[in-house]
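Below is one structure, written out as structure tokens; comments come after it.
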Amino acid sequence: MNFASDNAGPMHPRVLDAIIAANSGYEMPYGNDTIMPRVRDMIRATFEAPQAAVYLVATGTAANALALSTYTNSWDTIFAHRVSHVEEDECGAPNFYSNGAKLTLVDGIGAKMDPDALRRAIATTGQKDVHSAQPGPVTITQATEVGTLYSLGEIAQITAIAKDHGLKTHLDGARFANACAALGCSASDMTWKAGIDMVSFGGTKNGCAGVEAVIFFDPEKAWEFELRRKRGAHLFSKHRFLSAQMEGYLSGDLWLELGAQANANCARLVKGLETIAGAEIPDTPQANMVFANLPRAAHRRAMGAGAQYYLFPSDASLDGPDDELIRARFVCDWSKPTSEIDQLITLLRG
Ligand SMILES: Cc1ncc(COP(=O)(O)O)c(C=O)c1O
């Protein structure tokens, strides 16, 4: 009963089959394998962006940090939500890869940037002449770190503010498939048609072993990105196995099917959580993740029976008053059996 993360699950068999199929004979290394041109074409078709520059890396942190650094001077600041992976969970990688650029944190409910807060943050950056960091790119996360979604209109609002100031925009799509499936929109609707310049397109959390695509809709800095990826030690020599995963993931729109399945699993979980006495669900879950405040006794029962998920704060104790609420995060991937979801609810409910 593992609800800790969507990267705790297995690979999808079709992705594994694609890796096995790639494991015969010889292929040129470093992205020059025969699979990568097909992957590039598939991503360009999926995003309706024939000119896009497409690269693969093995982690979401690398995708975010390398993509952002390509449009960040070392004296810039990147605008990110306070509750974002780049701020909270990447050990400063975007700053490191940008040679010391800073992050400016922007607030907004449901882990979504408030447009006015972003406008204010940009307007007040760089005011101290040479003494200030200068405005750099804006990054948003879709689906967000708390399982909410920006609507297409909200994305367009954020990118319009960035563009008014001549800034590039990046979308952290570690859960791109979940968001796209939930919104029922196309990949292009959620990105360049809404003003996004570059995307980290996640595979790892949704059925792959470890692959993410970095997509630039304008290829002007493609060569620079390649140099950054190599210098940053993220150009794989056995690249064919990254390409194979992505090919398996994109074929027949598997990515979208798995995203929808993960969302449906989470919806079942949310329905169950709502039946637990005293439960509070502060942000309406829209994708494959839910945060819930639940009585300590419920956690004691579930965790005592082996359920795995994160509590907040991370050192929250299971000893204490039964009815005191403790915040927890539950994440479902595509593979989560409904029986496990139901079992978790039964344990929590008591
Ligand atoms: C929103 C978001 N972005 C990016 C990542 C990528 O992280 P990793 O470097 O662990 O693949 C994650 C993983 O937790 C995430 O939740």
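The values are calculated or read from the model by the stated rules, or taken from the named source; none is laboratory data. Here the structure is a predicted model, which is why all the values come from computation and not from measurement. No Cβ is skipped: glycine too gets one built from the backbone with ideal geometry, and neighbour counts run over all protein chains shown.
Whether any residue in region 252-261 is among the hydrophobic types (A, V, I, L, M, F, W, C), within 17 Å of PRO337 (Cα to Cα) and part of a strand (DSSP E or B) is what I want to check.
To start, the set of residues in region 252-261 that are among the hydrophobic types (A, V, I, L, M, F, W, C) comprises 254-256, 258, 260.
Restricting the remaining residues to those that are within 17 Å of PRO337 (Cα to Cα) gives 258, 260.
Checking which are part of a strand (DSSP E or B) leaves us with none.
No; the residues of region 252-261 include none that is among the hydrophobic types (A, V, I, L, M, F, W, C), within 17 Å of PRO337 (Cα to Cα) and part of a strand (DSSP E or B).
Name every residue in region 110-135 that is out of contact with any helix residue (DSSP H, G or I) (no Cβ under 7 Å at 6 or more places or on another chain) and among the charged types (D, E, K, R), in order of residue number.
ASP114, ASP116, ARG120, LYS128, ASP129
Restricting attention to region 324-341, and to residues there that are touching a helix residue (DSSP H, G or I) at 6+ places or on another chain (Cβ under 7 Å) and either in the same structural domain as LEU149 (by TED's automatic domain parsing) or more than 25 Å from ALA209 (Cβ to Cβ) (or both), which single residue is surrounded by the fewest Cβ atoms within 10 Å (Cβ to Cβ)? Can you show your working first?
Here is the first cut: in region 324-341, the ones touching a helix residue (DSSP H, G or I) at 6+ places or on another chain (Cβ under 7 Å) are 324, 326, 328, 330, 332-334, 336, 338, 341.
Now drop any that are not either in the same structural domain as LEU149 (by TED's automatic domain parsing) or more than 25 Å from ALA209 (Cβ to Cβ) (or both), which leaves 324, 326, 328.
Details: GLU324: 13, ILE326: 20, ALA328: 23.
So the residue we want is GLU324.
Suppose we filter ALA53, ALA80 for residues that are in the same structural domain as HIS131 (by TED's automatic domain parsing) and either among the hydroxyl-bearing types (Ser, Thr, Tyr) or within 16 Å of the ligand (Cβ to nearest atom) (or both); which single one remains?
It is ALA80.
Which one of the conditions (1) in a loop (DSSP other than H, G, I, E, B); (2) touching a residue at least 24 places away in the same chain (Cβ under 8 Å); (3) at negative phi does SER314 fail to meet, given that it meets all the rest?
(2)
Residues that are aliphatic (A, V, I, L, M) and within 16 Å of the ligand (Cβ to nearest atom): does region 114-125 have at least one? Spell out how you get there, then give the answer.
Start the filter on region 114-125 by keeping residues that are aliphatic (A, V, I, L, M), which leaves 117-118, 121-123.
From the residues that got through so far, the ones that are within 16 Å of the ligand (Cβ to nearest atom) too are none.
No, region 114-125 contains no residue that is aliphatic (A, V, I, L, M) and within 16 Å of the ligand (Cβ to nearest atom).
ASP107: over 13 Å from GLY195 (Cβ atoms), of a type in the set (D, E, K, R) and surrounded by 14 or more Cβ atoms within 10 Å (Cβ to Cβ), yes or no?
Working: over 13 Å from GLY195 (Cβ atoms): yes; of a type in the set (D, E, K, R): yes; surrounded by 14 or more Cβ atoms within 10 Å (Cβ to Cβ): yes.
Here the answer is yes, as ASP107 does meet what is asked.
Give GLY25, GLY60 a once-over and let me know the one that is out of contact with any Leu (no Cβ under 8 Å at 6 or more places or on another chain) and within 11 Å of the ligand (Cβ to nearest atom).
The unique qualifying residue is GLY60.
Within region 279-297, can one find any residue that is over 27 Å from PRO10 (Cα atoms), touching a strand residue (DSSP E or B) at 6+ places or on another chain (Cβ under 9 Å) and in a helix (DSSP H, G or I)?
Looking through region 279-297, at least one residue is over 27 Å from PRO10 (Cα atoms), touching a strand residue (DSSP E or B) at 6+ places or on another chain (Cβ under 9 Å) and in a helix (DSSP H, G or I).
Is region 17-29 home to any residue that is outside any loop (DSSP other than H, G, I, E, B) and within 20 Å of the chain's Cα centre (by Cα)? Full working, then the answer.
Step one: of region 17-29, the residues outside any loop (DSSP other than H, G, I, E, B) are 17-22.
Applying the additional criterion that residues be within 20 Å of the chain's Cα centre (by Cα) yields none.
No: zero hits.
Taking the options ALA162, ALA117, ALA121, ALA174, name whichever one is surrounded by 15 or more Cβ atoms within 10 Å (Cβ to Cβ) and within 18 Å of the chain's Cα centre (by Cα).
On the way: ALA162 fails: within 18 Å of the chain's Cα centre (by Cα); ALA117 fails: within 18 Å of the chain's Cα centre (by Cα); ALA121 fails: within 18 Å of the chain's Cα centre (by Cα).
Of ALA162, ALA117, ALA121, ALA174, the one residue that is surrounded by 15 or more Cβ atoms within 10 Å (Cβ to Cβ) and within 18 Å of the chain's Cα centre (by Cα) is ALA174.
Considering only region 244-272, state which residues are among the hydroxyl-bearing types (Ser, Thr, Tyr) and within 18 Å of MET1 (Cβ to Cβ).
Just the residues of region 244-272 that are among the hydroxyl-bearing types (Ser, Thr, Tyr), to begin with: 249, 251.
Within region 244-272, no residue meets the criteria.
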